[in-house]
Structures are given as C-alpha cells and as structure tokens.
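The values are calculated or read from the model by the stated rules, or taken from the named source; none is laboratory data. Since the structure is predicted, the reported quantities are computational estimates derived from the model, not experimental observations. Virtual Cβ from ideal backbone geometry, glycine too; neighbours counted across all protein chains shown. Please note that ligands, DNA and RNA were not included when accessible areas were found on the heavy atoms of the full protein model with its side chains. Shrake-Rupley method; radii C 1.70, N 1.55, O 1.52, S 1.80 Å.
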Amino acid sequence: MDTQEILLQFKNGQMSLEEAEGYLKRQPFEEMGYAKLDSHRKLRSGFAEVIFCSRKADAHLLEIFRRLYEEEGEVLGTRASRHQYELLKKEFPQVQYDEISHIIKIEKKGKKRIGKIAVCTAGTADIPVAEEAAQTAEFFGSNVDRIYDVGVSGIHRLMSRLDVIQSANCVVAVAGMEGALASVIGGLVSNPVLAVPTSVGYGANMNGLSALLTMINSCANGIAVLNIDNGYGAGYMATQINRLAERDGNHSFGEETEHE
C-alpha cells in the first residue's frame, strides 16, 4: 500500500488514525533471517518489491511470495521455472505463469493502465526478453503495444507500424545479433528509446556482447541501454517514463486513459 492510498483511506474513514500511523511507522523492512523484505519500497519508489525467482530455494521462494502477496494483494516474480510455478500453485491456485517470459504473478483484477509503451523486437527469438519487459510494464500499470519481428533485415516491416511506435511515450527496442534496431528506431522517434541487447546470435555475438556494444555506441540520440537480456529493467524504467509523460500531460497516475 503506497502513501497516497493510506492517506485516502484515512480521509474517507476507511482507516483509523492509529492504523494509518502504524503503516507509516512500520519498520522499513521485514527480517526473515534469510531475507529482508523491503516493505517500504513502494512508499519510496512507487513500485513494490519484485521477486527474482531463479536459484531461490523452494521454501524461501514460497514464504517470500506469501509475505509480499499478503502485503500488496498482488506479486510479480521474474525468471521463474515450471517447477517453481507448480510449487506456488499448490498454495495460490490463482497464480499465473507465462512459459515464454518466465513471469509468474498474481495480479489485482480490474487494474487501470495509463499511457502507452511500445515494445519492439528485431526477431521472434527476442520475444522472451520483450515479454518480460511488456508484462512488467503492464503489471506496474502501463498500456503496452507489442510490435514484434521488425528487424533491420526487412525494415519495411518496421515502417508499417511507425505511427504506433511514434505515438508511444517510450519505446523498448529488443534485439540480438548486431543490435541495430535501437539505432534505427532512435532516429525515427521523439521520445526515449530503451535498448535491450539479447544473447540471441551466432558465435561472434558473444552472448549479447556485440549487440550491447552496438547499442552503447549508437549515433542516434535519446537511447539508453539496459543490460543483456534485462527485460525486467526495461519494463520498469519504461513505466517510470510513461508515468512522467502522463503526469506532465495532466493525467493523474492510475487514471485510465482511452487506448486502442
């Protein structure tokens, strides 16, 4: 629960002064022995803590997931395995799992989404990273347009969707191989481009290093580069940009806007 929600509930009589004070005074993290849950992260940043599921012990993952769900009423996990999904589903039958992005989540129903983020990929092999970005952004309250398989080897495919890309508050460009997609998009749009290199490619791709270097050395302006395969980081940052754009456009955060 963020500060605004606490204050609104107090103002509307849904929460007593003592309860509101208790929320605000609560220790800023919860000690679990093996982990320290950052219960004040949403108060500070506007985003609740997210679970990086890979390599977590089953018992640790289950308890962290439970605590975050009890605190927020929803929870997002990245890089989850099928085994972890089956484990969590036993206690949380409503949990959702996406095999492509390895996102696992319980999400509040009827969530309002604002603005628009365009998530683009060079090829279909880049979709798992792109979906991690897109689903992260959607979980945090952004509208997302997916524009996949528009790499530079057939640039007419990109041009056919240029109006959608140019109208977005932020563009996420996901590409492996040489990673040229971000530079092309960067030269065609007025809003920020978040470039995500992927580990897709042949030997000299060096598990994404060649795409990373291409994106860092882009001559196009307005491009920021994420780490290799870091779809989550791109989705998070894209949402921050989208929120700022909507706020500056006289939209309140959380207010639903018309989106086709």
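Close amide H pairs (under 5 Å, H built 1.01 Å from N) link SER142 with ILE114, residues at least 5 positions away or on another chain.
Residue pairs exceeding 22 angstrom between C-alpha atoms, taken from LYS89/LYS109; LYS56/LYS105; LYS56/LYS89; LYS89/LYS112: LYS89/LYS112.
The LYS89 and ALA125 beta-carbon pair, evaluated with R₀ = 45 Å, returns a calculated FRET efficiency of approximately 0.95. For segment 61-77 versus segment 82-153, the inter-centroid distance based on Cα atoms is 18 Å. Residue-normalised convex hull volume from the C-alpha trace of segment 110-260: 93 Å³ per residue.
Length gained on full extension, PHE10 to ALA57, computed as 0.36 nm times the residue gap minus the Cα-Cα distance: 13.0 nm.
In order along segment 219-233, the phi-based Karplus estimate (6.51 cos²θ - 1.76 cosθ + 1.60, θ = phi - 60°) of 3J(HN,Hα) comes to 8, 6, 8, x, 10, 10, 10, 8, 6, 4, 6, 8, x, 4, x Hz; Gly and Pro are listed as x. Close amide H contacts of VAL172 (hydrogens built in the peptide plane, cut-off under 5 Å, sequence separation of 5 or more or a different chain): ALA118, VAL119, CYS120, LEU194. At q = 0.16, 0.19, 0.21, 0.24 Å⁻¹, what is the log10 ratio I(q)/I(0) for segment 58-158, with the Debye formula run over Cα points and no solvent? With one equal scatterer per Cα and no solvent, log10 I(q)/I(0) is -0.75, -0.94, -1.07, -1.24. The residues of segment 93-177 have, on average, 38 Å² of accessible surface per residue, using a 1.4 Å probe with all protein chains present.
How about segment 156-241: which chymotrypsin sites (Phe, Trp or Tyr not before Pro) there are in a DSSP loop, with at most 10 other Cβ atoms within 10 Å of their Cβ? Passing both the DSSP loop test and the Cβ count: TYR202.
Here's how it looks for MET15: its modeled amide H is under 5 Å from those of PHE10, which are all 5 or more places away or on a different chain.
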